[in-house]
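The block underneath contains the structure these notes are about, expressed in structure tokens.
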Amino acid sequence: PKIRSLERLSLIEPFNHGYMITPVGKILATKIGDFVMTIGEIMKHREFWAGHDIEGIPQPFLYEIGDLIGSDVKFDTTDNMFHVYTHFVTLLQQAAYIHGISSVMSPQVADVLAERVIAGVPVELIVSRNVASGLKQEPFASKIQQLRPYGNFHIWITDEPLHLGITVTDKHLSLGLNSRANSVYDSSADLYSGDPKARDWAERLFRYYRNRSVPMPLE
């Protein structure tokens, strides 16, 4: 009965003593697959998504968060208050390239990024206008001047509001968001993944913002 019902709906059709999915059926199957992946991701990491401002993610990418189902979430704990930061630094140290979007910046992360640039790793950062202004002050200004001769280092400025932090490399992605409780960037929880589909999602998001950004002069 189920086969007959699918056949009446033009979702399958007879083929070589069996059945094959029709073009219309393929469209529906794709949408069902997207729905299942989206529900699976939201349920798998419901504490992370429920506690953070997901509206900081542009809508087209928010509707594709099913691509992140192969990810894990890391939290700081009372036993290890630097768990997220330590894991993030390891991610940067293993990277063959680094693409980042940041609404905040810390001197410690800036030091690690500077080391990677000097080591020859291509680094591109997209920052908000406010963060760009902060980078012109110490302790960041002198670090940027140190990196001026390196052609593998670029900073882009966007006037669009940034309510997220994302880093994508050839091996991993890291995603952090603002807390819903206070609208401040939550550095104690990040979603991490080495899954190629998740990294592709993050790389598309990086290009989305880079296409809406302008280069920051390093002088």
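The values are calculated or read from the model by the stated rules, or taken from the named source; none is laboratory data. The structure displayed is predicted, hence computed values, not measured ones. Please note: Cβ atoms are built from the backbone with ideal geometry, for glycine as well, and neighbour counts cover all protein chains shown. These area figures cover heavy atoms from the full protein model, side chains too; ligands, DNA and RNA do not enter into them. Shrake-Rupley method; radii C 1.70, N 1.55, O 1.52, S 1.80 Å.
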Legend entry - Histogram of C-alpha separations across the stretch 21-112, 5 Å bin width, %: 2, 10, 14, 18, 18, 16, 9, 5, 4, 2, 1, 0
Legend entry - Two-decimal log10 I(q)/I(0) for the chain, as the Debye equation yields it once each C-alpha is a single scatterer, q = 0.13, 0.15 Å⁻¹: -0.77, -0.97
Legend entry - Rounded to the nearest 20 debye, dipole of the chain from Cβ charges on Lys, Arg, Asp, Glu: 560
Legend entry - Alpha-carbon spread of the stretch 88-152, three principal axes, descending order, Å: 28, 24, 18
Inset, instruction - With a 1.4 Å probe and every protein chain left in place, work out the accessible area per residue of the chain in Å², rounded to a whole number. - result: 56
Legend entry - aspartates and glutamates whose Cα lies under 12 Å from that of Lys31, excluding same-chain neighbours fewer than 8 positions away: Glu64
Legend entry - Straight-distance crosslink candidates among aspartates and glutamates, where the alpha carbon sits under 13 Å from Lys74 and sequence neighbours closer than 8 are dropped: Glu47, Asp186, Asp190
Legend entry - Efficiency of FRET from Cβ geometry, Ser5 and Ala181, R₀ 41 Å, rounded to 0.05: 0.30
Legend entry - the stretch 96-206: C-alpha gyration tensor shape, a/c 1.5 cut-off, then a/b vs b/c: oblate
Legend entry - Global form of the stretch 70-122, assessed from the alpha-carbon gyration tensor, a/c cut-off 1.5: prolate
Legend entry - Extension gain from Asp159 to Ile32, taking 0.36 nm per residue of separation minus the Cα-Cα distance: 42.1 nm
Legend entry - Global geometry of the stretch 152-211, whether rounded, prolate or oblate, following the gyration tensor of its Cα atoms and the 1.5 cut on a/c: oblate
Legend entry - FRET efficiency, Lys44 to Asp111 (Cβ-Cβ, R0 25 Å, nearest 0.05): 0.15
Inset, instruction - Over the stretch 83-185, with every protein chain in place, what whole percent of the accessible area is carbon and sulfur at 1.4 Å, could you tell me? - result: 53
Inset, instruction - Rank-order 18-24, 63-69, 105-111, 195-201 by packing density, defined as the average count of other C-beta atoms within 10 Å over each peptide's residues, highest first. - result: 63-69, 195-201, 105-111, 18-24
Legend entry - Computed FRET value (nearest 0.05) for Arg212 with Gln137, which takes r as the C-beta separation and R₀ as 35 Å: 0.90
Inset, instruction - Using Cα centres only, tell me the gap between the stretch 165-185 and the stretch 105-140 in whole Å. - result: 16
